[in-house]
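Here's the structure, in structure tokens; my notes come after.
A short reminder: the numbers here are calculations on the coordinates, not readings from a lab. Being a predicted model, the structure only gives us computed values, none of them experimental. Every residue, glycine as well, gets a Cβ built from its backbone with ideal geometry; the counts of neighbours run over all protein chains shown.
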Amino acid sequence: MGRLEGKSAIVTGAAQGMGASHARRLVEEGARVVLTDLQADRGEALAKELGDDARFVEQNVTREADWDRVIDAAVAHGGRLDVLVNNAAIHWVRSVQKDSADDLRRMLDVNVVGVFLGVQRAIAPMRAAGGGSIVNVSSIAGTRGIPGHGAYGASKWAVRGFTKTAAIELGVHGIRVNSIHPGAIEGTGMFSAPEDDAQRDTEYQAIALRRAGGVREVSELIVFLASDASSYITGAEHIVDGGRSIW
Ligand SMILES: NC(=O)c1ccc[n+]([C@@H]2O[C@H](COP(=O)([O-])OP(=O)(O)OC[C@H]3O[C@@H](n4cnc5c(N)ncnc54)[C@H](O)[C@@H]3O)[C@@H](O)[C@H]2O)c1
């Protein structure tokens with residue numbers, strides 16, 4: 001029996017990268033999952049491949065009306081809502097001197113407002129289910145400064161901070177809210193592969209395990225936080241970076 005048997009989940013940004021892997025692992029563990037993304041063709045194809053327990057709903061996480069449709073779809077598909085993985089995000093690497101205020105607003109709209117709306121919209125159905133687990137995807141860029149990550153870092157620090165207040169307020173309803181902080185993860189849209197062996201050696205020197213992570217290594221953390229095995233864990237920061245941020 002899977003670790004998520006009987007649970008109903010939503011994963012945003014699930015058409016590719018880590019979101020696709022999270023959706024796959026949740027289904028493998030027995031959950032019924034609504035995958036959402038802007039990319040309808042890729043999302044539909046993945047949901048079809050995952051079978052009857054998966055369903056795709058096109059969504060822009062910045063739009064309130066889209067969230068209402070997604071929540072309705074998840075409750076219809078799974079009969080309830082137990083798990084929300086706020087994974088969708090955008091990313092670019094650009095100097096603080098080059099980003100405009102409009103660039104920053106666009107980053108915050110997707111990466112922060114999108115998470116905020118998801119948490120707000122999940123409260124009623126999770127309360128109706130007797131509790132739930134929300135996982136907000138931040139980054140190690142939400143725990144430290146990284147060159148070129150001014151706008152992105154601001155958004156991911158905001159996700160980390162918002163998670164803590166949400167955890168405090170929603171704990172009384174049995175709703176747990178945690179943030180995860182991946183390092184460099186291969187097989188994703190946001191990963192820039194080293195261009196040659198010399199660059200790889202230099203970059204991976206800063207990672208204790210001397211390699212990038214794989215998407216499934218992050219999905220295992222998502223499965224744990226979604227499951228009842230993490231029933232006493234809330235408001236916490238879960239770093240999955242091979243030791244990149246130890247120093
Ligand atoms: N890849 C990494 O190395 C890394 C490291 C740390 C944190 N993260 C975080 O992990 C999460 C997943 O990263 P990834 O690299 O797998 O992402 P990705 O770029 O591969 O996929 C992101 C998905 O989100 C979707 N998306 C973007 N804007 C959207 C919107 N407004 N509404 C709905 N969907 C939208 C995209 O269409 C895409 O399918 C993100 O939150 C990211 O910030 C990634």
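Would you check which residues across the stretch 173-183 are closer than 18 Å to Ile90 by Cα and more than 9 Å from the ligand (Cβ to nearest atom) and list them? Spell out the reasoning first.
Going residue by residue through the stretch 173-183, those that are closer than 18 Å to Ile90 by Cα are 179-183.
Passing the criteria: only Ser179.
If we keep just the residues of the stretch 129-143 that are part of a helix (DSSP H, G or I) and aliphatic (A, V, I, L, M), which is nearest to Gly243 (Cα to Cα)?
Ranking the qualifying residues of the stretch 129-143, first place goes to Ile140.
Looking only at the stretch 39-64, count every residue that is crowded, with 16+ Cβ neighbours inside 10 Å, aliphatic (A, V, I, L, M) and under 25 Å from Ser155 (Cβ atoms) and tell me the total.
Looking only at that region, the number is 2.
Can you name the condition, by its number, that Ser219 falls short on among (1) in a helix (DSSP H, G or I); (2) in contact with a strand residue (DSSP E or B) (Cβ under 7 Å, 6 or more places away or on another chain); (3) within 12 Å of the ligand (Cβ to nearest atom)?
Of (1) in a helix (DSSP H, G or I); (2) in contact with a strand residue (DSSP E or B) (Cβ under 7 Å, 6 or more places away or on another chain); (3) within 12 Å of the ligand (Cβ to nearest atom), only one is false for Ser219: (2).
Kindly evaluate Glu186 against the criterion of being within 14 Å of the ligand (Cβ to nearest atom) and either closer than 30 Å to Asp102 by Cβ or surrounded by 15 or more Cβ atoms within 10 Å (Cβ to Cβ) (or both). Full working, then the answer.
Numbers: within 14 Å of the ligand (Cβ to nearest atom): yes; either closer than 30 Å to Asp102 by Cβ or surrounded by 15 or more Cβ atoms within 10 Å (Cβ to Cβ) (or both): no.
So Glu186 does not fit the description; no.
Can you tell me which residues in the stretch 186-198 are under 18 Å from Gly213 (Cβ atoms) and not aliphatic (A, V, I, L, M)? Step through it out loud before you land on a result.
If we filter the stretch 186-198 for residues that are under 18 Å from Gly213 (Cβ atoms), which is where we start, we get 186-194.
Selection gives Glu186, Gly187, Thr188, Gly189, Phe191, Ser192, Pro194.
Quick one: is Thr202 more than 14 Å from the ligand (Cβ to nearest atom) and either of a type outside the set (Val, Ile, Thr) or over 26 Å from Lys7 (Cα atoms) (or both)? Step through it out loud before you land on a result.
Details: more than 14 Å from the ligand (Cβ to nearest atom): yes; either of a type outside the set (Val, Ile, Thr) or over 26 Å from Lys7 (Cα atoms) (or both): yes.
Answer is yes for this residue.
Pairs, please: C-beta under 9 Å, at least 6 apart or cross-chain, first residue closer than 19 Å to Ile239 by Cβ and polar (S, T, N, Q) and in the stretch 164-188, second within 10 Å of the ligand (Cβ to nearest atom) and assigned to a loop (DSSP other than H, G, I, E, B)?
Ser179/Ser138; Thr188/Gln16
Name every residue in the stretch 26-82 that is in a helix (DSSP H, G or I), free of Cβ contacts under 8 Å to residues at least 24 places away in the same chain and either of a type in the set (Lys, Arg) or touching a Cys at 6+ places or on another chain (Cβ under 7 Å) (or both), in order of residue number.
Lys48, Arg69
Among the residues of the stretch 3-22, count how many are in contact with a Leu (Cβ under 9 Å, 6 or more places away or on another chain) and more than 11 Å from the ligand (Cβ to nearest atom).
Going through the stretch 3-22 one residue at a time, the tally reaches 5.
Within the set of pairs 6+ apart or on separate chains, which have a first residue in the stretch 1-21 that is among the charged types (D, E, K, R), a second that is in a strand (DSSP E or B), and C-beta atoms under 7 Å apart?
Partner pairs satisfying both residue conditions: Lys7/Val83.
Let me spell it out: the conditions are (1) touching a residue at least 24 places away in the same chain (Cβ under 8 Å); (2) more than 15 Å from the ligand (Cβ to nearest atom); (3) over 26 Å from Gly2 (Cβ atoms), and Ser245 meets all of them except one. Which number is the exception?
Looking at each condition in turn, Ser245 falls short on (2).
Counting just the residues of the stretch 52-91 that are under 14 Å from Val119 (Cβ atoms) and touching a Pro at 6+ places or on another chain (Cβ under 7 Å), which one comes out farthest from the ligand (Cβ to nearest atom)?
Among those residues, the one meeting the criterion is Leu81.
Looking at the stretch 3-25, which of the residues that are at positive phi and not in a helix (DSSP H, G or I) is surrounded by the most Cβ atoms within 10 Å (Cβ to Cβ)? Spell out how you get there, then give the answer.
Of the residues in the stretch 3-25, the ones at positive phi are 6, 13, 17.
Of the ones still in play, those that are also not in a helix (DSSP H, G or I) are 6, 13.
Values: Gly6: 13, Gly13: 29.
For the stretch 3-25, the residue satisfying everything is Gly13.
For the stretch 93-144, which positions are within 12 Å of the ligand (Cβ to nearest atom), out of contact with any helix residue (DSSP H, G or I) (no Cβ under 6 Å at 6 or more places or on another chain) and closer than 24 Å to Ala23 by Cα?
Passing the criteria: Asp109, Val110, Val113, Gly114, Gly118, Val137, Ile140.
Scan the stretch 93-104 and tell me whether some residue there is crowded, with 22+ Cβ neighbours inside 10 Å and assigned to a helix (DSSP H, G or I). Spell out the reasoning first.
So the first thing to find is which residues in the stretch 93-104 are crowded, with 22+ Cβ neighbours inside 10 Å, and the list is none.
No; the residues of the stretch 93-104 include none that is crowded, with 22+ Cβ neighbours inside 10 Å and assigned to a helix (DSSP H, G or I).
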